[in-house]
Amino acid sequence: MKIDTYDQLSIYWLKTIKYKVPKSFLRIISWFHFELNLLFFNKKKLKKPDVIIVSSLSLLTIINGFLLKKKYKCKLIFEIRDIWPLTIVEEGSFSKYNPFVQFLSLIEYIGYRYSDAIVGMMPNLIEHVENIVRYKPLVKCIPIGFDESILNNTCKISDDYINHYFDESYFNVVHAGTIGITNALDVFFKAAAEMVNQDKSIRFILVGDGALKQMYMERYSHIDNIVFAPKVPRKMIRSVLEKADVFYFSTFDSKVWKYGQSLNKVVDYMLSEKLIVASYGGYPSMINEAECGYFIPPDNVGALINKLIEIKKLGKNEVNRIGLK
């Protein structure tokens, strides 16, 4: 077993079955494998905790959390990073009557009902929890943060990278991060494809990698205003993002977002001080609070095209001013 120690904090790594595809049966097996490893892990060497924090995903860990709470007679905090099983019902095409979904729903209820406190990054998480347990438990929002040291430890990307994928003579709309199913990027590509004949001065740039990148490249790489740029190390991402005029992210039109978002991507975007456009119809936060961008309806290509044309007409100085808020 691998053990990492930082000052007075020790991290014990429990090996589990590896999987490559997030939406796979092997991933579920790895959950159960982890729970068994944790259940039979020799805890005699551990000090008595004051508080136990169970962080989902997986929801199943809350069962081990309850066992440890009883063993040590301490408080139990349940941290929600993704709302399951709602996410797989809304965005994974699972029926709410699926036996596995029903099982996870039971675990979710037990976790909310019997934890001493519930925390999550979603600003409206309390509404979801109350809908499940039908009373008002202790629920707190802890927004996603960042390590301030990254502001001073940014490494510069090579000039070759910038010169190859960016051109300041264009109005550059950038999406940075994973290119996967949950990123809902169809709107981004469809808008780019339509705009190539309307305004060739607007360029759409994807920085990153992911399961759907190859598919999108096969469909859209022939279009002049779409650029696929490779993933860059995190310590260099800010030196790439500063070349954008506008940042973009999108979500599906899903009940999951009714409870809000607190995404790493949004933090990275805001730290780079550029205007943000989001195809997002959920509980508003961060962008509207800082007034550094705009929410537009999800799954709406026309809305994205119109907003980008509107923003470009403001001029780069005004666009930059909004991004600095």
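The values are calculated or read from the model by the stated rules, or taken from the named source; none is laboratory data. Predicted model only: the values in this text are computed from it and were never measured. A quick note on method: Cβ atoms are made from the backbone with ideal geometry, for glycine too, and the neighbour counts reach across all protein chains shown.
Report whether or not ILE150 is closer than 25 Å to THR182 by Cα, surrounded by 12 or more Cβ atoms within 10 Å (Cβ to Cβ) and either under 21 Å from the mean Cα position of the chain (by Cα) or modelled with pLDDT of 95 or more (or both). No, not satisfied. For the range 69-78, a residue qualifies if it is out of contact with any helix residue (DSSP H, G or I) (no Cβ under 6 Å at 6 or more places or on another chain) and buried (at least 17 other Cβ atoms within 10 Å of the Cβ), and the qualifying residues are LYS69, TYR72, ILE77.
Screening the candidates ILE179, ILE162, ILE157, ILE126 for the property of being buried (at least 16 other Cβ atoms within 10 Å of the Cβ) and either among the small types (Gly, Ala, Ser) or not assigned by TED's automatic domain parsing to the domain that holds GLY210 (or both) yields one hit, ILE126.
Has the range 307-318 got at least one residue that is outside any helix (DSSP H, G or I), within 21 Å of PHE189 (Cα to Cα), out of contact with any Leu (no Cβ under 8 Å at 6 or more places or on another chain) and assigned by TED's automatic domain parsing to the domain that holds SER201?
No: the range 307-318 contains no residue that is outside any helix (DSSP H, G or I), within 21 Å of PHE189 (Cα to Cα), out of contact with any Leu (no Cβ under 8 Å at 6 or more places or on another chain) and assigned by TED's automatic domain parsing to the domain that holds SER201.
Of these, SER272, SER279, which one is out of contact with any His (no Cβ under 8 Å at 6 or more places or on another chain), of a type in the set (Gly, Ala, Ser), buried (at least 19 other Cβ atoms within 10 Å of the Cβ) and free of Cβ contacts under 8 Å to residues at least 60 places away in the same chain?
The conditions single out SER272.
Look at the range 224-252: where a residue is at negative phi and a partner is part of a strand (DSSP E or B) and aromatic (Phe, Trp, Tyr), sitting 6+ places away or on another chain with Cβ atoms under 9 Å, you get ASN225/PHE204; ILE226/PHE204; VAL227/PHE204; LEU241/PHE247; ASP245/PHE171; VAL246/PHE171; TYR248/PHE204.
Tallying residues that are hydroxyl-bearing (Ser, Thr, Tyr), touching a Phe, Trp or Tyr at 6+ places or on another chain (Cβ under 6 Å) and part of a loop (DSSP other than H, G, I, E, B) within the range 244-282 yields 2. Looking at ARG81, ARG134, just one residue is surrounded by fewer than 18 Cβ atoms within 10 Å (Cβ to Cβ), touching a Gly at 6+ places or on another chain (Cβ under 8 Å), over 19 Å from LEU39 (Cα atoms) and not assigned by TED's automatic domain parsing to the domain that holds LYS258, and that residue is ARG81.
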